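> The structure that follows is given in the form of structure tokens.
The values are calculated or read from the model by the stated rules, or taken from the named source; none is laboratory data. The model shown is predicted, which means the values in this text are computed figures rather than measured ones. Every residue, glycine among them, receives a Cβ derived from its backbone with ideal geometry; neighbour counts consider all protein chains shown. Areas reflect the complete protein model, heavy atoms only, side chains present, ligands, DNA and RNA absent. Shrake-Rupley method; radii C 1.70, N 1.55, O 1.52, S 1.80 Å.
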Amino acid sequence: MSFVDKYFVKMLSTKVGQDQYGNEYYLGFRKDYLGRHKRYVIYKGVEESSKVPPVWHAWLHYTINDLPEGIDNYEWQQEHIPNVTGTNY
């Protein structure tokens, strides 16, 4: 996402949350063709979609409507490991 895109998302949306990795989530004022408000994520650091936690992924894709603030991880869930495809690791 370019600087201009991030600027317009921040200006034309409302910040609704932030995850443990520093990614910020926004709810847009505009609606999509189904009448739902658009949802955005602005990544902190490298733009890697695997850094989005499962509950925020569900919110971004309209699987759940409630904000995932306060929803804890299950004990069986592991911490995020970056995608290392194509590296020595």
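> Net charge around Asn65, counting only other residues with Cβ within less than 11 Å of its Cβ (Lys, Arg = +1; Asp, Glu = -1)?
On the way: positive: Arg36, Arg39; negative: Asp66.
For residues surrounding Asn65, the net value is +1.
> Here's another thing I want to ask about it. For Glu47, what accessible area in Å² do you get when you roll a 1.4 Å probe over the heavy atoms of the protein chains, rounding to the nearest 10?
90 Å²
> Continuing with this model, one more query. Considering only protein heavy atoms, with the full assembly of protein chains and a 1.4 angstrom probe, order His61, His80 by accessible area, largest first.
His61, His80
> Rounded, prolate or oblate, given the Cα gyration tensor of the chain, with a/c below 1.5 counting as rounded?
oblate
> Tell me the per residue accessible area of the chain using a 1.4 Å probe; a whole number in Å² is fine. Present the calculation step by step, with values, prior to reporting the outcome.
Details: 6880 Å² over 89 residues.
Heavy-atom accessible area per residue stands at 77 Å².
> Okay, next question. Tally up the carbon and sulfur contribution to the accessible surface of the chain as a whole percent, 1.4 Å probe, everything protein left in place.
54 percent
> In addition: Taking K and R as +1 and D and E as -1, what net charge do the other residues with C-beta under 9 Å from the C-beta of Tyr26 add up to?
On the way: positive: Lys10, Lys15, Lys38, Arg39; negative: Glu24.
Neighbour charge sum, excluding Tyr26 itself: +3.
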